[in-house]
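Down below is the structure, laid out as structure tokens.
The values are calculated or read from the model by the stated rules, or taken from the named source; none is laboratory data. Being a predicted model, the structure only gives us computed values, none of them experimental. Counting neighbours? That spans all protein chains shown, and the Cβs are built from the backbone with ideal geometry, glycine included. Keep in mind that these areas ignore ligands, DNA and RNA; they rest on the heavy atoms of the full protein, side chains included. Shrake-Rupley method; radii C 1.70, N 1.55, O 1.52, S 1.80 Å.
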Amino acid sequence: MKDVGLQIGSVKTNAWVSLPDGAGPRAGIVLTFHREGLDDFTAHQCDAFAAAGFAVIAPNHFHALPPGKGADDRRDYLTDEQQGEDCAAAAEWLVANANVPRDRLAVLGHCMGGRTTVVALETHPDLWRCGCDWYGGGVFRKAAGKLPFPGDPARIERIKAPLAGFFGSLDTHPTPREVDDLEAVLKKHGKPHEFHRYEGVNHAFMNNEGKNWHPQAAKASMELAIAFLKKHTAAR
């Protein structure tokens, strides 16, 4: 994993990149981080997907935070518009620098990044072949900015790529009811998706350094996600 510069419009920020062995071409993943930002968990996920054969980039969404502000202040400053542009710029970096064909791109994330995955699929629907959302809460909560919440039917209608979701039954953000509501609006609008739910599993079950780590659910969801990603990002 290495740190690279990333240009997002007029903004210069950074991103973390992990590349598989070989010259490619290969499918690319934009990994949108959880609430803790670019940390050990993010690095581990980048490397894990690179080991599965994907070129991976994790953009630093926190460039939007003013000096002195941190993750706890993110809801006041991070807009869906900005995070969508972050993901699109990261995808362009992969196309330009990692031998990733433009038609082999996916987006995924955990926690905050799960929500941002849905945002990315909506804001740049023609860019992605698929997305994976691990326990992304807040899809029915409006962020700063002008857009309605991501679960709004008008926004859901924009999605063109299939979405896989991975959720724990003990989670409170999103609750099982919120997962049901998201699945219902996807079904109503005919959006391809597959949701996987794990009984007795809480939020952040992928994080092996956290209190809610669930190795069985983490392993099962990772295997399902990699198969899903490979299927939908395969060369045409």
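Total residues in the range 20-35 satisfying the condition of being at positive phi and touching a residue at least 40 places away in the same chain (Cβ under 8 Å): the figure is 1. Consider the range 102-133 and keep the residues that are basic (Lys, Arg) and within 14 Å of His232 (Cβ to Cβ). The one that is nearest to the chain's Cα centre (by Cα) is Arg129. Of all residues in the range 54-68, exactly one satisfies the criterion of being surrounded by fewer than 18 Cβ atoms within 10 Å (Cβ to Cβ) and in contact with a Ser or Thr (Cβ under 8 Å, 6 or more places away or on another chain), namely His63. The set of residues in the range 39-63 being hydrophobic (A, V, I, L, M, F, W, C), part of a loop (DSSP other than H, G, I, E, B) and touching a strand residue (DSSP E or B) at 6+ places or on another chain (Cβ under 6 Å) consists of Phe54 alone. Among the numbered conditions (1) part of a helix (DSSP H, G or I); (2) over 21 Å from Thr233 (Cα atoms); (3) not basic (Lys, Arg), the only one that Pro66 does not meet is (1). Of all residues in the range 186-217, those being of a type in the set (A, V, I, L, M, F, W, C) and out of contact with any strand residue (DSSP E or B) (no Cβ under 7 Å at 6 or more places or on another chain) number 2.
Restricting the range 69-98 to residues that are crowded, with 18+ Cβ neighbours inside 10 Å and part of a loop (DSSP other than H, G, I, E, B) leaves a set whose member that is modelled with the lowest pLDDT is Leu78. If you scan the range 64-111, which residues turn out to be of a type in the set (Gly, Ala, Ser) and in contact with a strand residue (DSSP E or B) (Cβ under 8 Å, 6 or more places away or on another chain)? Matches in the range 64-111: Ala64, Ala89, Ala90, Ala91, Ala98, Ala106, Gly109. Screening the range 15-53 for residues that are surrounded by fewer than 15 Cβ atoms within 10 Å (Cβ to Cβ) and in contact with a Pro (Cβ under 8 Å, 6 or more places away or on another chain) and picking the one that is nearest to Ala235 (Cα to Cα) gives Pro25. Quick check: is even one residue across the range 151-174 among the hydroxyl-bearing types (Ser, Thr, Tyr), at pLDDT 95 or above, closer than 30 Å to Pro101 by Cβ and open to solvent by less than 60 Å² (accessible area, probe 1.4 Å)? No, because not a single residue in the range 151-174 is among the hydroxyl-bearing types (Ser, Thr, Tyr), at pLDDT 95 or above, closer than 30 Å to Pro101 by Cβ and open to solvent by less than 60 Å² (accessible area, probe 1.4 Å).
Among the residues in the range 4-12, are any at pLDDT 95 or above, of a type in the set (Lys, Arg) and closer than 25 Å to Met206 by Cβ? So far as the range 4-12 goes, no, none of its residues is at pLDDT 95 or above, of a type in the set (Lys, Arg) and closer than 25 Å to Met206 by Cβ.
Look at the range 182-209: where a residue is touching a residue at least 60 places away in the same chain (Cβ under 8 Å) and a partner is of a type in the set (Asp, Glu) and crowded, with 20+ Cβ neighbours inside 10 Å, sitting 6+ places away or on another chain with Cβ atoms under 8 Å, you get His203/Asp171.
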